[in-house]
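Notes to accompany the following structure.
The values are calculated or read from the model by the stated rules, or taken from the named source; none is laboratory data. As the structure is a computational prediction, the values presented were derived from the model and not from experiment. Side chains are part of the model used for accessible areas, which takes the heavy atoms of the whole protein and leaves out ligands, DNA and RNA. Shrake-Rupley method; radii C 1.70, N 1.55, O 1.52, S 1.80 Å.
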Amino acid sequence: MIHSLLSKLDSKVGLEKASAHCDVPCGIYDPSTALISALTVVRMVDLIEDLESNTADKAGVANKMIRCVAQKEEHAEDVKHEVRIIWGDFLKEAAAQEAHDLTHRIMLKASACRQGVNRDDAVELVELVNEFAELFWKAKGVETTRAVCPYEPKLETVYPVL
C-alpha cells in the first residue's frame, strides 16, 4: 500500500532519486578497513608459517591452521570488497582513471593471497592498498603520512593527517 502511494506521488511530482553503496546514502568512505584487512592477511601468513615448526600437537596445529587460513581468505576478500566500493562509488573522473589499474592489481594480488601462503604477496597487497589509500585521501584533499603500525606485523601503513 505504501509503495503504491509513493509510486503515485512520484509519477505526479517526480521525486529525486538517490543512490549509494548501501541502503543509506551516508557518504562515508575510508580505506582504513581495507588496510587493516591487508595487514591481517600478512599476520595470518606469519601465524601459518610459525605453525609449520610445531609437530607435537598435530590436532591443535591442524585446528589453528584451518582457522588461520579461513581468516586469511576472508580478509583478502574484505580487501577486494572495500576497495571495489571506494573505486566504484567514490572515485570519480580523473581519480577513477588513475585508480583503475591500481584497483585491478589489488584484486589480482588479493586473489593470490587467498590462493596461497606467500608472505611476499601479502606484503605487496599491503603496499598496493597503501597506494590506494594515498590516492583516496588525495582525492579528498587530505594529506597523508606513513608510519609503522603499532601491532604485528608492524608494517608501514598510510594514515591521513587530520
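Filter the DSSP H helices in the chain by two things, a Kyte-Doolittle mean of at least 1.0 and an axial alpha-carbon span of 24 angstrom or more, and list the hits by number. The partial results should precede the final answer.
Details: long enough: 32-51 (28 Å, 1.22); 58-85 (40 Å, -0.66); 93-115 (33 Å, -0.48); 119-139 (30 Å, 0.06).
Membrane-span-like by this rule: 32-51.
Counting only residues 5 or more places away or on other chains, whose amide H sits under 5 Å from the amide H of residue 144 once H atoms are built in the peptide plane?
Result for residue 144 returns 161.
Taking all protein chains in place and a 1.4 Å probe, what share, in percent, of the accessible surface of segment 28-160 do carbon and sulfur account for?
Working: 3640 of 7120 Å².
Ligands and nucleic acids excluded, carbon and sulfur give 51 percent.
Got a number for the accessible area of residue 92? Probe 1.4 Å, square angstrom, nearest 10.
110
Using a probe radius of 1.4 Å on heavy atoms only, what accessible surface per residue do you get for the chain? Whole Å² is fine. Please list the in-between numbers first.
Working: 10060 Å² over 162 residues.
With the other protein chains kept in place, the chain gives 62 Å² per residue.
Considering only protein heavy atoms, with the full assembly of protein chains and a 1.4 angstrom probe, order 53, 37, 111 by accessible area, largest first. Intermediate values should be presented prior to the final figure.
Working: 53 100, 37 5, 111 30 Å².
The ordering from most to least exposed comes out as 53, 111, 37.
Express in Å², to the nearest 10, the accessible area of residue 55 obtained by rolling a 1.4 Å probe over the protein heavy atoms while all chains stay in place.
Answer for residue 55: close to 100 Å² accessible.
Show 87, 137 ordered by accessible area, largest first, where the area counts protein heavy atoms only and the probe is 1.4 Å.
So the residues, ranked largest to smallest area, are 87, 137.
Of the cross-linked pairs 58/109; 72/109; 58/154; 72/140, which ones have a Cα-Cα span greater than 22 Å in the structure shown?
Those over the limit are 58/109; 58/154; 72/140.
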